[in-house]
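Remarks on the structure that follows.
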Amino acid sequence: MRCNIALLGFMGCGKTSVGRRVAQRIGWEFHDTDAIIEKRVGLPIPEIFSRYGEEYFRALETEVLAELATRRHLVLATGGGLPVREKNREILREHFFTVFLRVSFPILFERLRKSTGRPLLKKYPSFSELQALYESRVPYYSRAHVIIDADFLTEEEVAEEIVRRARDCGVLV
């Protein structure tokens, strides 16, 4: 039974800030896979990538997701690459009501240009390279139970829509 909510989407789409709002609205715990990994390893994500590599980081994501799947009533902001791994998709399917926060790439790119601490921006520095990564992930995000087009919505409006959809689907009673 799905009694947790997981937010999916590309970096910069608002998973963490929206997830906090959703959790606050429904009285559930909020967790962020990236924050848990940083705390566990004792390093920021960019340093984990540079020291240990992406595969090490992805294995930690799976470990954290599996641990959180044993809990109930939590809202989870996932890392942007988390749903690419098949094992993660299985865990999400079984234990989480998934929501894809869809933001068009040009809007995401503008947000990302203004942010720091995004390790994949070093690996994919140009618009076209990052867009190719985004497009490669959209099919995985699109498997979510619900897709919310968030281009022109405030964080509060997105959170409100997630709560409404979760109620409609019987996740919240």
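The values are calculated or read from the model by the stated rules, or taken from the named source; none is laboratory data. Since this is a predicted model, take the numbers as computed values, not measurements. Cβ coordinates were reconstructed from backbone atoms using ideal geometry, including for glycine residues, and neighbour counts include every protein chain displayed.
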Residue count, region 64-86 (criterion: surrounded by 13 or more Cβ atoms within 10 Å (Cβ to Cβ) and in a helix (DSSP H, G or I)): 7
What number of residues within region 11-30 satisfy the criterion of being in contact with a Gly (Cβ under 8 Å, 6 or more places away or on another chain) and either free of Cβ contacts under 8 Å to residues at least 60 places away in the same chain or over 25 Å from Glu135 (Cβ atoms) (or both)? 1
Hits in region 12-52 - residues which are over 12 Å from the mean Cα position of the chain (by Cα), modelled with pLDDT of 95 or more and small (Gly, Ala, Ser): Ala23, Gly27, Gly42
Just for region 26-37: of the residues that are surrounded by fewer than 16 Cβ atoms within 10 Å (Cβ to Cβ) and out of contact with any strand residue (DSSP E or B) (no Cβ under 7 Å at 6 or more places or on another chain), which one is nearest to Leu172 (Cα to Cα)? Gly27
Quick one: what pairs do we get from region 128-153, first residue buried (at least 19 other Cβ atoms within 10 Å of the Cβ), second among the acidic types (Asp, Glu) and part of a helix (DSSP H, G or I), C-beta under 7 Å, 6+ apart or different chains? Ile148/Glu161
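What tally of residues in region 38-53 results from selecting those that are of a type in the set (D, E, K, R) and loosely packed, with under 14 Cβ neighbours inside 10 Å?
Taking region 38-53 and keeping what is of a type in the set (D, E, K, R), we get 38-40, 47, 51.
If we keep only those that are loosely packed, with under 14 Cβ neighbours inside 10 Å too, we end up with 39-40, 51.
Residues in region 38-53 being of a type in the set (D, E, K, R) and loosely packed, with under 14 Cβ neighbours inside 10 Å: 3 in total.
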